[in-house]
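A.B. asks: Sharing a structure here in structure tokens format.
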Amino acid sequence: MGIFDIFKKPDNGNNPKTAEQRKKQTEKHLKSLNIPFIDHLPLIEEESEVKIRTAQEIAERILVLVYLVYFSEVPDERDNVIDFLKTNSLWDKVSPDEKVLFQKEELTDQETANISWRSEGVWLLLWTINKVDKLELPTEQVEIPEIVSRLPKFLTDPSEFIKTAIVRPTTEILDALDLIYRLHWATRNANLNNQPMPASLDLSMIMERHYAINWVTIYADEWDKVSTDT
């Protein structure tokens with residue numbers, strides 16, 4: 001069972017969950033996992049108010065991130081990657097900060113590490129467009145072959161990948177957001193207080209998932225401007 005399957009309820013066509021109901025549902029699940037939470041952590045947006053990015057936008061963002069990771073690991077491929085992105089109308093989807101990285105003569109070790117961590121956000125984004133069936137509790141880093149197997153062959157036409165992307169129902173995305181948000185608080189709190197991570201959670205994984213899902217729900221207009229407040 002995926003970590004968010006616990007939240008699924010039959011769709012009877014009636015009113016969606018309120019943000020308060022979603023919070024209580026998440027807290028009940030956290031309690032069952034012995035993961036701490038605080039009652040006064042704010043609600044996320046109401047389902048009637050939230051906006052979700054289109055499947056095409058999410059698929060394009062996945063490709064940009066994957067090719068940034070690829071370039072960081074194989075810098076000799078930079079020109080080919082940039083040409084590919086331009087040819088397939090993806091270069092204008094690259095954020096300003098990402099363009100700086102793509103055009104640097106040499107990435108620092110820290111920049112390479114930061115880019116590598118984006119793979120965790122890619123996994124979350126793949127889930128939002130039904131390219132990943134289930135999300136598990138963030139305890140073990142995603143294997144890169146698992147990502148690659150869900151993508152077009154490198155440097156080949158990505159149009160079919162983009163065209164076949166389908167966004168999950170808003171209620172599923174908000175269930176995931178609410179849980180990730182509260183998991184982020186729990187892991188940040190443990191880190192600040194030099195305590196063991198609850199349920200063997202990985203703070204860095206959660207940060208990347210939180211960043212990605214906040215972008216999906218348009219927490220900020222631009223990728224570079226997304227925050228992950230708790």
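The values are calculated or read from the model by the stated rules, or taken from the named source; none is laboratory data. A quick note: this is a predicted structure, and the numbers were derived from the prediction, not measured. Here the Cβ positions follow ideal geometry from the backbone for every residue, glycine too, while neighbour counts run over all protein chains shown. For the accessible areas, the whole protein counts, side chains as well, though only heavy atoms, and no ligand, DNA or RNA atoms are used. Shrake-Rupley method; radii C 1.70, N 1.55, O 1.52, S 1.80 Å.
A.B. asks: Just checking, how many residues over region 186-204 are open to solvent by less than 40 Å² (accessible area, probe 1.4 Å) and closer than 15 Å to residue 230 by Cβ?
C.D. replies: Matching residues across region 186-204 total 6.
A.B. asks: Also: In region 205-224, what count of residues is obtained for those that are farther than 16 Å from residue 64 by Cα, out of contact with any Ser or Thr (no Cβ under 9 Å at 6 or more places or on another chain) and in a helix (DSSP H, G or I)?
C.D. replies: Of the residues in that region, 1 qualify.
A.B. asks: Now, a different point. Quick one: is residue 122 closer than 27 Å to residue 95 by Cα and within 13 Å of the chain's Cα centre (by Cα)?
C.D. replies: yes
A.B. asks: Among the hydrophobic types (A, V, I, L, M, F, W, C), at pLDDT 95 or above and part of a loop (DSSP other than H, G, I, E, B): is that true of residue 132 in this structure?
C.D. replies: Criteria met by residue 132.
A.B. asks: Further question: Hey, any hits in region 111-126 for a residue that's on the phi < 0 side of the Ramachandran plot, free of Cβ contacts under 8 Å to residues at least 24 places away in the same chain, in contact with a helix residue (DSSP H, G or I) (Cβ under 8 Å, 6 or more places away or on another chain) and surrounded by 14 or more Cβ atoms within 10 Å (Cβ to Cβ)?
C.D. replies: Taking every residue of region 111-126 in turn, none turns out to be on the phi < 0 side of the Ramachandran plot, free of Cβ contacts under 8 Å to residues at least 24 places away in the same chain, in contact with a helix residue (DSSP H, G or I) (Cβ under 8 Å, 6 or more places away or on another chain) and surrounded by 14 or more Cβ atoms within 10 Å (Cβ to Cβ).
A.B. asks: Restricting attention to region 39-58, does a residue exist that is within 30 Å of residue 111 (Cβ to Cβ), touching a Leu at 6+ places or on another chain (Cβ under 8 Å) and either at pLDDT 95 or above or buried (at least 19 other Cβ atoms within 10 Å of the Cβ) (or both)?
C.D. replies: Looking through region 39-58, at least one residue is within 30 Å of residue 111 (Cβ to Cβ), touching a Leu at 6+ places or on another chain (Cβ under 8 Å) and either at pLDDT 95 or above or buried (at least 19 other Cβ atoms within 10 Å of the Cβ) (or both).
A.B. asks: Okay, moving on. Which residues, counting only those in region 62-94, are part of a helix (DSSP H, G or I) and open to solvent by less than 10 Å² (accessible area, probe 1.4 Å)?
C.D. replies: Result: 62, 63, 64, 65, 67, 68, 71, 81, 85.
A.B. asks: Name the residues in region 176-204 that are assigned to a helix (DSSP H, G or I), in contact with a helix residue (DSSP H, G or I) (Cβ under 8 Å, 6 or more places away or on another chain) and of a type outside the set (A, V, I, L, M, F, W, C), would you?
C.D. replies: 178, 181, 182, 184, 187, 188, 191, 198, 204
A.B. asks: Within region 101-119, how many residues are more than 20 Å from residue 88 (Cα to Cα), not acidic (Asp, Glu) and not in a loop (DSSP other than H, G, I, E, B)?
C.D. replies: 9
A.B. asks: Exactly one of (1) open to solvent by 10 Å² or more (accessible area, probe 1.4 Å); (2) closer than 24 Å to residue 97 by Cβ; (3) not hydrophobic (A, V, I, L, M, F, W, C) is unmet by residue 133. Its number?
C.D. replies: Result: residue 133 fails condition (2) only.
A.B. asks: Now, a different point. Quick check, is residue 156 more than 24 Å from residue 31 (Cα to Cα) and either touching a Gly at 6+ places or on another chain (Cβ under 8 Å) or among the polar types (S, T, N, Q) (or both)?
C.D. replies: yes
A.B. asks: Also, quick follow-up: Can you spot a residue in region 95-109 that is farther than 21 Å from residue 79 by Cα and surrounded by fewer than 19 Cβ atoms within 10 Å (Cβ to Cβ)?
C.D. replies: No; the residues of region 95-109 include none that is farther than 21 Å from residue 79 by Cα and surrounded by fewer than 19 Cβ atoms within 10 Å (Cβ to Cβ).
A.B. asks: Then there's this: Which condition breaks for residue 105 when tested against (1) farther than 19 Å from residue 123 by Cα; (2) at pLDDT 95 or above?
C.D. replies: Of (1) farther than 19 Å from residue 123 by Cα; (2) at pLDDT 95 or above, only one is false for residue 105: (2).
A.B. asks: Do we have residue 153 as part of a loop (DSSP other than H, G, I, E, B) and over 29 Å from residue 200 (Cα atoms) here?
C.D. replies: Here the answer is yes, as residue 153 does meet what is asked.
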